[in-house]
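Some notes on the structure that comes next.
The values are calculated or read from the model by the stated rules, or taken from the named source; none is laboratory data. Note that the structure is predicted; figures quoted are calculated from it, not measured. With ideal geometry, Cβ positions are generated from the backbone for all residues, glycine too; neighbour counts draw on all protein chains shown. Just the protein is used for accessible areas: all its heavy atoms, side chains included, with ligands, DNA and RNA removed. Shrake-Rupley method; radii C 1.70, N 1.55, O 1.52, S 1.80 Å.
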Amino acid sequence: MKWWMLCKVAWVALQVNLMRSILTMLGIIIGVAAVIIMLALGAGAQHEVDQQIKNLGGNVFVVFARGRASSGARGASGSVQTLTEMDAEAIEQQIPQVSVAAPTIWANAQVIYGNMNWAPSVRGVDNRIFPAQNWQLAHGREFSAAELNSAGRVAIIGATVQRELFGASDPIGQTIRVDRTPVTVIGVLDAKGQNTQGNDQDDLIFMPLDTVRKRIAGMTLASPRAVRSLIVQVADERDMALVEQEMEALLRQRMRTTGTDAPFQIRNLSEMVETRARTMQIFNGLLAAVASVSLLVGGIGIMNIMLVSVTERTREIGLRMAVGAEPADILRQFLIEAMLLCSLGGLLGLSIAVLVTRSLEKFAGFTAIIQPEVVLLSIGFSAMIGIFFGYYPARKASKLQPIDALRHE
Amino acid sequence: MSQAVIESLGLTKTYRMGSQQVHALAGVDVHIQQGEFIAVMGPSGSGKSTFMNMLGCLDSPSSGEIRIQGENVTHLSAAELARIRNRYIGFVFQQFNLLPRTTALDNVLLPLLYRKDHDGNNDFASECLRRVGLAERMDHHPSQLSGGQQQRVAIARALVNQPAVVLADEPTGALDTETGLEIMQLFQQLNQEGKTIVLVTHEPEVAAFASRQLIFRDGRLQSDKQVQAESASEHLARYRAQKQQEGLA
C-alpha cells in the first residue's frame with residue numbers, strides 16, 4: 001500500500017477515537033513542550049551571558065585596590081602601597097598583549113538638575129574607559145585633554161541618568177550639580193541595559209579622574225594619583241592567562257610586595273559570568289532531562305493505546321489480510337498510526353512551547369530562544385518514540401493469523 | 001478433464017487438543033473446474049469451514065496440497081499467501097466485513113490498494129459496484145446501507161481483483177429471506193457470466209441454487225454430486241407474489 005494511503009488510513013483511525021487520541025497524545029505534548037521550554041530558557045540565558053560578556057568589553061580584567069594590609073604595619077608616608085594611574089601606564093607599556101588599561105575611581109553622589117534629583121554611581125575616568133568597556137557615545141563628545149588635566153567640571157552621563165533627570169529634553173550643555181559641584185554635561189552614553197545580575201549598567205556618570213578626586217566629597221585616597229581600580233582589556237582572549245600572570249608580577253614588583261596579602265586583586269569578570277552561566281546551564285539541562293522522562297511516559301501511553309487499538313481492530317486486520325495485505329503492510333499501517341500520533345503530539349507540544357516562552361518573555365522578562373535544531377530534534381525524537389513504542393503492537397498485529405483474526409469477536 | 005482452477009489433494013488438518021489429536025480434515029480430494037457453482041454443506045464440526053479456509057489460503061494444511069491453477073501453494077510464506085489471496089481469491093463473509101467510515105467505493109478498492117502495481121485507477125471498482133446494482137451508492141458509508149446493499153458491496157469487493165474463484169461463507173446467513181434470495185440471484189448471474197463460485201451454507205434451500213454439492217461429515221467428503229440447480233430468480237418471483245397475496249388477504 002502506498003505510504004500516503006497508509007497516512008490517510010491512520011488519520012481516519014485517529015479521528016474515530018478523537019478524544020482517546022488527544023488524551024494519548026497529551027503525554028507527548030507535555031513532554032515535548034517541557035523539553036523545548038527548558039532548552040529555550042537555557043539558550044536564552046546563554047545568549048544574555050554572551051551579550052553581557054560583550055558589554056563588559058570582551059576580554060577584561062578588573063584590578064581592584066584592596067584595603068591596606070591588615071597586619072597593622074604601615075609604611076612611612078610616600079611608600080603607601082596602592083594602585084595609581086602610573087600602574088595603568090606601566091601595564092599598557094610593559095605588557096604588549098594589553099590593548100588598554102583604564103584607571104577608575106568611583107563614588108556615590110546626589111545629582112540634581114532643576115527640581116529633579118537622582119543618585120547614580122559616579123566614576124572618575126579618562127577617555128580610555130570607552131574602549132576598555134565598549135562604551136559608545138549616543139550624543140556629545142569625549143573629555144578634552146584640558147578637562148582631564150585641570151579637573152574640568154564636565155560630565156558624560158548614562159542613559160538612565162539622562163532619562164531620570166532630563167526626560168525627553170536635550171542634556172548637552174546643561175549644568176547639573178553633583179553633590180555641591182556644578183558640572184556641564186558634554187555627552188550621553190549609548191544604553192547597555194541590565195546585566196545578568198539585574199543591575200542597570202546605564203545608571204552612572206563619567207567625570208575626569210581629578211574632578212572626582214578633588215571636588216566630590218568623601219574621597220580619601222592614599223596618594224594624589226591613586227585610583228580604585230584598573231580596567232584592563234586584553235587584545236586576544238587566548239592571552240588571558242599569560243596577561244594575568246604578567247600583571248600580577250608587574251604590580252607586585254611595582255608595589256614591592258611578595259606575600260600572599262597583596263594590596264590588589266585581579267578579577268576576570270567574564271569568567272565569573274561564565275561560571276554563573278554554566279551553573280544555570282547544568283540546572284536547565286537537569287530540568288530538560290526530567291522533562292524527557294515525561295516523554296518516555298508518553299511513549300508508554302502510546303504503546304498502551306496501540307495495543308488496545310490492535311485488539312479492537314482484529315477483525316479489520318483479518319479482513320485486510322484476507323484481501324491481500326502482507327504482514328509488512330499491517331506492520332507499516334500501525335507504525336504509521338503511532339508515528340502520526342506522536343508527531344502530531346510533538347507539533348502541538350511545540351506550539352504550546354512557543355506560546356509559553358512568548359508569554360514568559362513578555363510578562364516575566366525571561367529571554368528564551370527556541371533554536372531550530374531543538375525543534376527538529378524534539379519532533380524527530382517524538383516520531384522516534386512513535387516507532388519505538390509503536391513497533392511492538394504493530395508487530396503483534398502483523399503476526400496475527402488471518403483466520404484467527406477474521407473469527408475474532 | 002481440463003486443468004482445475006483450484007484443487008485439494010489428500011488435504012488433512014490435525015489439531016492438537018491437550019493429549020488428543022482432532023482430525024478436522026482427513027484426506028479430502030476435490031477438483032474445481034472453471035465456471036462451477038459449488039455448495040459446501042455439512043453439520044458444524046464436519047470440516048467444511050476448515051476446507052474453505054484452506055481453499056482460500058487463509059490456513060495451511062497439516063498434510064496434502066492445495067493447487068491453484070496447477071501451482072502448489074501449500075508451503076508458501078505468509079507474505080506469498082497474501083499475494084496469492086490478493087490475485088486469485090475473492091472473499092464474501094456472513095458479516096460482510098466492510099470497513100466502517102469508508103465509502104462503498106473505497107471498500108471495493110481495498111484489494112487493489114495492496115497490489116504493488118496498482119495505478120490508482122478506480123474505473124474497474126466503479127464498474128464492479130455498478131455490476132452489483134449500487135451505481136448510485138458509491139459514496140455511501142456502510143452505516144448508510146441496508147444489509148443486502150452491504151453484502152453487494154462485499155461481493156463487488158470480491159470481484160474487483162478478477163479472482164479465479166469467489167469463496168462465500170454463509171453469505172445469506174445475516175439476511176432476511178427476500179434479500180437472501182436477491183443475493184443468490186446475483187451469485188447465479190455472476191456464475192452464468194463465467195465466475196467460479198464456492199459457497200458454504202447449512203441451508204439446503206440455499207445449496208439448491210448451486211449445480212454441484214459437496215457434503216462433509218467428520219472431516220471427510222461424504223458426497224460430491226452434480227445437481228440440477230434451481231433458479232433463484234423464479235424463487236424470488238414466487239416469494240414476492242406470495243408475500244403480495246398475504247398482504248392483500
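Tabulated data
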{"quantity": "Label-zone membership for segment B:208-222, site B:R238, 7 angstrom Cα→C-beta point, backbone N under 16 Å", "calculated": "B:208-210"}
{"quantity": "Calculated FRET value between B:E127 and A:A249, using beta carbons and R₀ = 56 Å, to 0.05", "calculated": "0.05"}
{"quantity": "Simple spin-label estimate for A:E409 and A:A328 in nanometres, 7 Å along Cα-Cβ", "calculated": "3.7 nm"}
{"quantity": "Within segment A:300-330: backbone nitrogen closer than 13 Å to the B:A174 label point (7 Å, Cα to C-beta)", "calculated": "A:315-316, A:319"}
{"quantity": "Which of A:M280, A:M240 is most accessible, then next, and so on - probe 1.4 Å", "calculated": "A:M280, A:M240"}
{"quantity": "Computed lengthening from B:S143 to B:H202, 0.36 nm per intervening residue step minus Cα-Cα distance", "calculated": "18.5 nm"}
{"quantity": "Net dipole in debye of the protein assembly as shown [+1 Lys, Arg Cβ; -1 Asp, Glu Cβ; about Cα centre; nearest 20]", "calculated": "1220 debye"}
{"quantity": "Formal net charge of residues neighbouring A:L344 (Cβ-Cβ distance under 14 Å; K, R +1; D, E -1)", "calculated": "0"}
{"quantity": "Estimated inter-spin distance, A:R315 and A:N117, nm [label 7 Å along Cα→Cβ]", "calculated": "9.0 nm"}
{"quantity": "Interface residues in segment B:85-111 - accessible area drops by 30 Å² or more relative to the isolated chain, probe 1.4 Å", "calculated": "B:R85, B:F93, B:N97, B:L99, B:R101, B:L110"}
{"quantity": "Two-site FRET efficiency, A:D236 against B:R87, from Cβ-Cβ distance with R₀ of 60 Å, rounded to 0.05", "calculated": "0.20"}
{"quantity": "Accessible surface, per residue, of the protein assembly as shown when the full set of protein chains is kept, probe 1.4 Å, Å²", "calculated": "48 Å²"}
{"quantity": "Whole-Hz couplings from phi, Karplus 6.51/-1.76/1.60, listed for segment B:189-205; x for Gly and Pro", "calculated": "4, 4, 5, 5, 7, x, 6, 8, 10, 10, 10, 9, 8, 10, 9, x, 4"}
{"quantity": "Mean separation of Cα contacts under 8 Å, 6 or more apart, over the residue count of chain A: relative contact order %", "calculated": "30 percent"}
{"quantity": "Sequence-separation-based contact order of chain B, relative, with Cα cut under 8 Å and 6+ spacing, percent", "calculated": "26 percent"}
{"quantity": "Square roots of five times the Cα gyration tensor eigenvalues for segment A:67-262, Å", "calculated": "31, 20, 15"}
{"quantity": "Protein accessible area in segment A:67-262, 1.4 Å probe - carbon and sulfur %", "calculated": "45 percent"}
{"quantity": "Whether chain B is rounded, prolate or oblate, judged on the alpha carbon gyration tensor where a/c under 1.5 counts as rounded", "calculated": "oblate"}
{"quantity": "Charge tally in the Cβ shell below 11 Å around B:L9, where Lys, Arg are +1 and Asp, Glu are -1, B:L9 excluded", "calculated": "-2"}
{"quantity": "Around B:H235: net Lys/Arg minus Asp/Glu count, Cβ-Cβ under 13 Å", "calculated": "-3"}
{"quantity": "Within straight-line cross-link reach of A:K362, lysines at Cα separation under 28 Å, skipping those fewer than 8 residues along the same chain", "calculated": "A:K54, A:K192"}
{"quantity": "Where Rh is the Kirkwood radius over Cα pairs, Rg/Rh for the protein assembly as shown", "calculated": "1.37"}
{"quantity": "Where trypsin sites (Lys or Arg not before Pro) fall in DSSP loop in segment B:95-191, at most 10 other Cβ within 10 Å", "calculated": "B:K116"}
{"quantity": "Interface area, B with A, accessible, probe 1.4 Å, both sides summed, Å² nearest 100", "calculated": "2100 Å²"}
{"quantity": "Segment B:121-186 shape via C-alpha gyration tensor axes, a/c threshold 1.5", "calculated": "oblate"}
{"quantity": "Positive-end extreme of charge dipole, the protein assembly as shown - chosen from A:M25, A:F264, A:I176 (charges on Cβ)", "calculated": "A:F264"}
{"quantity": "Simple spin-label estimate for A:Q15 and A:Q401 in nanometres, 7 Å along Cα-Cβ", "calculated": "3.7 nm"}
